[in-house]
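The values are calculated or read from the model by the stated rules, or taken from the named source; none is laboratory data. For clarity, every value in this text was computed on a predicted model and none was experimentally measured. With ideal geometry, Cβ positions are generated from the backbone for all residues, glycine too; neighbour counts draw on all protein chains shown. SASA here: full protein model, heavy atoms, side chains in, ligands and nucleic acids out. Shrake-Rupley method; radii C 1.70, N 1.55, O 1.52, S 1.80 Å.
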Amino acid sequence: MAKGFTLIEVMIVVAVIGILSAIALPQYNEYVRRGHRSDARALLLQGAQWMERAATATGRYPLQADFPTTLKTMPSGRYSITVASTDGATFLLTATPAGAQAADKCGKLTLTHTGLRGVEGASASESATSCWTR
């Protein structure tokens, strides 16, 4: 009696692994992107808090050149934060995805001086609310 696997059995195992990985890998990648998106939202909120504290101290929002570099990039490098504040009366913070995060379906996350949360370049199926809550 011979022991071992037949070629058919091996091919069935390979096919099952291929099917499972085709389903699981995109789901895993989206899960990772959601985690980094959450980090970007937190960094945007930190940046807005810093802007509000500075405005409380000086009476005006700091200009973009005064925004601290520690709040401009995430350690993972998946998002960069930019601030648009030219007149000192308003500001707009934008988290732009970079690298592997560039394929994120939510695109850029934005936060204004009024607390308005938005997205730019999101896929048609995504809204600002869904991108800011997931």
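Of all residues in segment 42-63, exactly one satisfies the criterion of being over 21 Å from the mean Cα position of the chain (by Cα), open to solvent by 90 Å² or more (accessible area, probe 1.4 Å) and touching a residue at least 12 places away in the same chain (Cβ under 8 Å), namely R60.
Within segment 11-31, residues that are part of a helix (DSSP H, G or I) have Cβ atoms under 9 Å from residues that are surrounded by 10 or more Cβ atoms within 10 Å (Cβ to Cβ) and not hydrophobic (A, V, I, L, M, F, W, C) in these pairs: E30/D104; E30/K105, counting only partners at least 6 apart in sequence or on another chain. Contact annotation: residue pairs with Cβ atoms under 9 Å, 6 or more positions apart or on different chains, pairing a residue in segment 102-119 that is within 19 Å of G77 (Cβ to Cβ) and charged (D, E, K, R) with a partner that is open to solvent by 30 Å² or more (accessible area, probe 1.4 Å) and not in a loop (DSSP other than H, G, I, E, B), are D104/E30; D104/R33; D104/R34; D104/H36; K108/T96; K108/V119; K108/E120. When G77 is tested against (1) in a loop (DSSP other than H, G, I, E, B); (2) out of contact with any Lys or Arg (no Cβ under 9 Å at 6 or more places or on another chain); (3) at pLDDT 90 or above, exactly one condition is not met: (3).
Collect the residues in segment 106-134 that are open to solvent by 70 Å² or more (accessible area, probe 1.4 Å), farther than 15 Å from A95 by Cα and either assigned to a loop (DSSP other than H, G, I, E, B) or aromatic (F, W, Y) (or both), keeping them in residue-number order. Result: T114, A124, S125, R134.
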